[in-house]
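Take a look at the structure set out below.
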Amino acid sequence: MSQSTEAEALAAEKLWRDTIYRPDEPQLTVRAVLFGMVVGMLLCLSNLYIVLKTGWSVGVTLTACILGWSFFSLVNRLPWFSRYGMLENNAMSSVASGAGYMTGGGNMAALPALLMLTAVRPDAWVLMLWFAGVAALGVFAAIPIKRQLVNREKLPFPTGTATAETIRLLHSHEGEGKKQAQWLLIAGLVGAAFSFLRDVKASWKAWSTPEVLSLPVDFHGKPLASWTLGVEGGVLMLGGGALMSFRTGWSLLVGGLLTFGVIAPAMAGAGIITTISFKGIVGWTVWMGAAVLVSSGLTSFAFQWKSVAKAMKELKGVVTRKRATDEEDPLAGVECAPAWFPLGFLIIGPPVALLAWYAFDIPLWAGLLALPLALVSGVIAARVTGETDVTPTKALGPVTQLVYAGLLPGQLVPNIMSANIAGGVGLHSADLLTNLKCGYLLGASPRQQFYGQLFGVLAGAAIVVPAFNLIVPDASALGGTEFPAPAAQVWANVSKMLVDGLSALHPSARWAALIGLVVGTALSVLEVKLPKDKRRYVPSASGLGIGMVIPAFNSIMMFAGAAWAEWMRRKRGEKEADKVTMPVASGFIAGESLLGVAVKMLVAFGYLQK
C-alpha cells in the first residue's frame, strides 16, 4: 500500500473513531457475557440437532439479538436494572455466536465421521479442549486481517450487516421489536408442541404423532415410507427451508425425488441396492451426493481465485507489513493489538498439535504443519465469507484431506481430524469478522467483541461434547432417518476414498461418483457464467447434493418452507417478509430442536422411554 493510500485509510479510520465509535456505552457487561453464554449454549444444542439431521448449521446472531432484546425489555422494567443498549446486545450476540457455531467448521462432520468409520470416541475432556483450541485459533487468525477487510475494503459480510440493521430496529422501534419477539415465541411453542407430541414416549401419554406421514400405497413393491417419500411430522425442516433461498429449496426437492423416487428404484431393480430403507439406499447414493458437494465446493472455490490471491497477499502482509506507531495510528487503543495474533498461535498452537498426537495419532510434525495451513484457511474463509456470505468449509476440508492423504498415506483418523483443524479455524475466523462487521457499523469496540467471542468458544465447547455423547450413544444412532448426518457421511466417504482408493468401491458407485463429479462441476460453472436472472433456473449444487443424502421427507418439508418464504417475499417485499419469516423460522427450529435434545437426554438418563 502506497504512503498516500495508507494515509487515506488512516484518515478514514480516524473519522470512524470520531463520529461512529461509542466507547462510553456499556458493551461487554457481566450480564451480556452470562446471557450470551446461556443463549449460545442453547443455540449450540439446537444446531447440534439440526446439523445431524441436515448437515447445515443455522444462523445464531439474529435469534440471539431478538432473545436478548426480549428478555432485557422485560427485566429492565424492574427499578434496579439499567437500560440494555444496542452495543450490549451486539456484544452479547458475539458471545452467543462463538458458542452457537461450535457445531460448524467440520466439528460435527469430523467427530460423527470418526465414530461411524472407527467406533472411536475420544474422552470428553480431550474433545472439549480440541474444539475450544481449534476455535480459539480461528478467533486469533481474524486479528491481522480485520482492518483490511472490514475497515478499509468494507466487504459486505451480509449476515453482519443484516444483524446490525436488526439491532438498530429492535432498539429504535419498540413496536417492531415486540412483533418479532412475539413471532419467535409463538413459533417456538409450536415447534416444541410438535416435538412433544411426536418424541415423548411415556405410560401417561396416550398416543404419539407419527414421525413421517405417507400415503398407504406401494411404490415399486414397497410402501412409500420405505423409500422415505412422505412428509415429516414436525416443523423444524419447514423452518430450515424458510431460511434458505427458494432455489436451494427446490433443488433439495429435485435431489430428494430424483434419488429416492428414480435412482434408488432403478438400482434396487438391478439388484445393486438390496435393502429398501434409508440406510440401505443412502449407502449407495451417498457417493453421488458427496461427489456433487465436493466438486461444486472446489469448483466454486477455484472461481474465487482473485479472493484467494488477495488473501495470500494479506497473509504475506501479516509478516512484512510495518504498522503505524501508536501516535500515528488512530485505532491503536481500539483494535486488537497486532501482537495478539502471533502470541495466540504460539500459546494455543502447540497444545492443539499435542492433542492431535495424543487423541488422533497425528504425528507432532504433521500437527504443527496444520497450523500454518489453518492460518491460510482462516484468511481465505474470511475473505470469501465477506464477499459472498458463504464460508467455504466444503472446499477447505477436502483440500486439507487431500494434503494429508499425501503426507500420511493410508491413515484414516489423521485424514479426518486434520481437516477439522482447517475447517474450524476457517469458520471461527469468518464468524468473528462477521460479528466485527456488525460492531463496526454500530460503533462497537473490536476488543470487547474479541473477548466475547472467546467466552462463547469456551461455553460452546463445554456443551457440545456432552450433548453429542448423550444423544449419539454409539455409531448406530447415525446414518438413519432420525440423524442422517449427511455432512459426516460426506466427510467419512471422502476420507475413506482417499485412504482406500477408488478400486475399493463397487463399480456402480464409481460411476455414481463420476456422474456426481461432472454434475457438481457443471452446476458451479453455470452458477458463475450465467446471467444473474437466469441462475434461478439452474439447480443449486448444495441443495441437489444434500437432497441425495437426507431422507426425501426432509427435502420435501424444506422445499415447503422455502416456498412459503418466497411467497411472503413476493407478497410483502423482502424486508417486510423477513420481519415475519426469520423469527417464525428461527422459532420453529429452536422450539422443536431444543425439546428434541431435551427428550433425548431424558431418555439417556432413563426418565423417558425410547
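The values are calculated or read from the model by the stated rules, or taken from the named source; none is laboratory data. As the structure is a computational prediction, the values presented were derived from the model and not from experiment. Note that we place each Cβ from the backbone using ideal geometry, even for glycine, and neighbour counts take in every protein chain shown.
Table for the structure above
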{"quantity": "Tabulated pairs, the range 548-572, first among the charged types (D, E, K, R), second surrounded by fewer than 24 Cβ atoms within 10 Å (Cβ to Cβ) and outside any loop (DSSP other than H, G, I, E, B), C-beta under 6 angstrom, 6+ apart or interchain", "calculated": "E566/F246; R569/A577"}
{"quantity": "T163 vs. criteria β-branched (V, I, T), free of Cβ contacts under 8 Å to residues at least 40 places away in the same chain and either touching a helix residue (DSSP H, G or I) at 6+ places or on another chain (Cβ under 7 Å) or over 30 Å from V379 (Cα atoms) (or both)", "calculated": "no"}
{"quantity": "Of the criteria (1) surrounded by fewer than 13 Cβ atoms within 10 Å (Cβ to Cβ); (2) over 30 Å from Y607 (Cβ atoms); (3) at pLDDT 80 or above, which one D123 fails", "calculated": "(2)"}
{"quantity": "Contacts under 8 angstrom Cβ, first residue in the range 588-610 being touching a residue at least 40 places away in the same chain (Cβ under 8 Å), partner assigned to a loop (DSSP other than H, G, I, E, B) and hydroxyl-bearing (S, T, Y), 6 or more apart", "calculated": "Q609/S203"}
{"quantity": "Lone unmet requirement of (1) in contact (Cβ under 8 Å) with a residue 24 or more places away in the chain; (2) more than 30 Å from A290 (Cβ to Cβ); (3) of a type in the set (A, V, I, L, M, F, W, C) for V75", "calculated": "(1)"}
{"quantity": "Residues within the range 47-79 that are of a type in the set (F, W, Y), within 14 Å of the chain's Cα centre (by Cα) and surrounded by 21 or more Cβ atoms within 10 Å (Cβ to Cβ), tallied", "calculated": "1"}
{"quantity": "Residue check, G255 under 20 Å from Y537 (Cα atoms), part of a helix (DSSP H, G or I), modelled with pLDDT of 90 or more and not β-branched (V, I, T)", "calculated": "yes"}
{"quantity": "Check on E574, touching a Ser or Thr at 6+ places or on another chain (Cβ under 8 Å) and more than 30 Å from I276 (Cα to Cα)", "calculated": "no"}
{"quantity": "Single match in L498, L517, L526 (criterion: hydrophobic (A, V, I, L, M, F, W, C), farther than 30 Å from E482 by Cα and more than 20 Å from the chain's Cα centre (by Cα))", "calculated": "L526"}
{"quantity": "Answer from A164, A192, A132 - the residue that is touching a Gly at 6+ places or on another chain (Cβ under 7 Å) and not charged (D, E, K, R)", "calculated": "A192"}
{"quantity": "Residue under evaluation P79, criteria (1) modelled with pLDDT under 80; (2) touching a helix residue (DSSP H, G or I) at 6+ places or on another chain (Cβ under 9 Å), criterion not met", "calculated": "(2)"}
{"quantity": "Every residue from the range 152-189 that is in a helix (DSSP H, G or I), of a type outside the set (S, T, Y) and under 15 Å from A430 (Cα atoms)", "calculated": "P158, G160"}
{"quantity": "Of residues in the range 134-157 being within 12 Å of A9 (Cβ to Cβ) and among the charged types (D, E, K, R), the one farthest from the chain's Cα centre (by Cα)", "calculated": "R152"}
{"quantity": "Close pairs (8 angstrom Cβ cut-off, 6 or more residues apart or separate chains): of a type in the set (D, E) in the range 350-378, surrounded by 16 or more Cβ atoms within 10 Å (Cβ to Cβ) anywhere", "calculated": "D361/Q411; D361/V413; D361/P414"}
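A quick yes/no check of all residues on (1) part of a helix (DSSP H, G or I); (2) under 16 Å from the mean Cα position of the chain (by Cα); (3) farther than 24 Å from A99 by Cα:
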residue: I416; (1), (2), (3): yes, no, no
residue: N420; (1), (2), (3): yes, yes, no
residue: N435; (1), (2), (3): yes, yes, no
residue: A467; (1), (2), (3): yes, no, no
residue: G480; (1), (2), (3): no, no, yes
